[in-house]
1. Name the single residue that is surrounded by the most Cβ atoms within 10 Å (Cβ to Cβ) among those in the stretch 56-91 being of a type in the set (Gly, Ala, Ser) and either in contact with a helix residue (DSSP H, G or I) (Cβ under 7 Å, 6 or more places away or on another chain) or assigned by TED's automatic domain parsing to the domain that holds Asp105 (or both).
2. Failed condition for Arg130, given (1) more than 23 Å from Ser18 (Cα to Cα); (2) at pLDDT 85 or above; (3) not in a helix (DSSP H, G or I), with all others met?
3. How many of the residues making up the stretch 84-122 are closer than 20 Å to Glu38 by Cβ and either in contact with a His (Cβ under 7 Å, 6 or more places away or on another chain) or of a type in the set (S, T, N, Q) (or both)?
4. Restricting to the stretch 24-55, give me the number of residues that are surrounded by 13 or more Cβ atoms within 10 Å (Cβ to Cβ) and aliphatic (A, V, I, L, M).
5. Is there a residue in the stretch 83-99 that is among the aliphatic types (A, V, I, L, M), assigned to a helix (DSSP H, G or I), closer than 30 Å to Pro128 by Cα and under 15 Å from the mean Cα position of the chain (by Cα)?
6. Of all residues in the stretch 38-50, how many are in a helix (DSSP H, G or I) and under 14 Å from Ile63 (Cα atoms)?
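The values are calculated or read from the model by the stated rules, or taken from the named source; none is laboratory data. Note that the coordinates shown come from a computational prediction; the quantities given were computed from them, not determined experimentally. In this analysis, Cβ positions are derived from the backbone assuming ideal geometry, glycine residues included, and neighbour counts consider all displayed protein chains.
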Amino acid sequence: MIIWQNGQDECILNSLESCAMNLWSDVGKYYGLIYCFEFLAIEGRSNKWQDCFDQLGLPLASILNCSRGNGTELAKKCIDETTKLNPPHSFLPWVVINNQPIAQDYANFTYFVCKAYKGIAVPDACNPIR
């Protein structure tokens with residue numbers, strides 16, 4: 001059994017987020033959903049999570065089926081990965097790039113991602129940095 005630090009709302013949202021990451025290969029799609037969920041939580045409106053699907057035009061049925069099925073197990077996999085971090089995370093957000101935490105400099109994560117990027121086609125976000 002998992003006991004969520006911030007209660008039942010966190011459990012529901014983590015399960016939905018884990019299902020989205022598992023079902024959709026499009027990072028932008030599930031990142032947008034997670035971003036929306038997190039802002040609802042900040043605003044104290046976690047119970048309005050279905051609004052995020054409407055706002056983003058995302059399909060709800062497959063995520064709900066997953067969440068009711070193995071959503072908690074998928075969330076547990078994320079928890080397990082977090083507990084394996086070395087060094088262990090000490091605050092949030094804990095951003096890791098190529099197995100190296102960027103610690104309190106997370107606001108500059110684009111710089112670190114671009115610096116680590118080895119591909120040929122340079123992403124637009126990296127053009128002013130490189």
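1. As a first pass, look at the stretch 56-91 and keep what is of a type in the set (Gly, Ala, Ser): 57, 61-62, 67, 69, 71, 75, 90.
Filter once more, so that each one left must be either in contact with a helix residue (DSSP H, G or I) (Cβ under 7 Å, 6 or more places away or on another chain) or assigned by TED's automatic domain parsing to the domain that holds Asp105 (or both): 62, 67, 71, 75.
Numbers: Ser62: 13, Ser67: 21, Gly71: 23, Ala75: 25.
Only one residue tops the list, namely Ala75.
2. In the conditions (1) more than 23 Å from Ser18 (Cα to Cα); (2) at pLDDT 85 or above; (3) not in a helix (DSSP H, G or I), Arg130 misses (2) alone.
3. 4
4. 4
5. Of all residues in the stretch 83-99, those among the aliphatic types (A, V, I, L, M) come to 85, 92, 95-97.
Narrowing further to those that are assigned to a helix (DSSP H, G or I): none.
Scanning the stretch 83-99 turns up no residue that is among the aliphatic types (A, V, I, L, M), assigned to a helix (DSSP H, G or I), closer than 30 Å to Pro128 by Cα and under 15 Å from the mean Cα position of the chain (by Cα).
6. Going residue by residue through the stretch 38-50, those that are in a helix (DSSP H, G or I) are 38-42, 46-48, 50.
Then drop every residue that is not under 14 Å from Ile63 (Cα atoms), which leaves 50.
Residues flagged as in a helix (DSSP H, G or I) and under 14 Å from Ile63 (Cα atoms) within the stretch 38-50 amount to 1.
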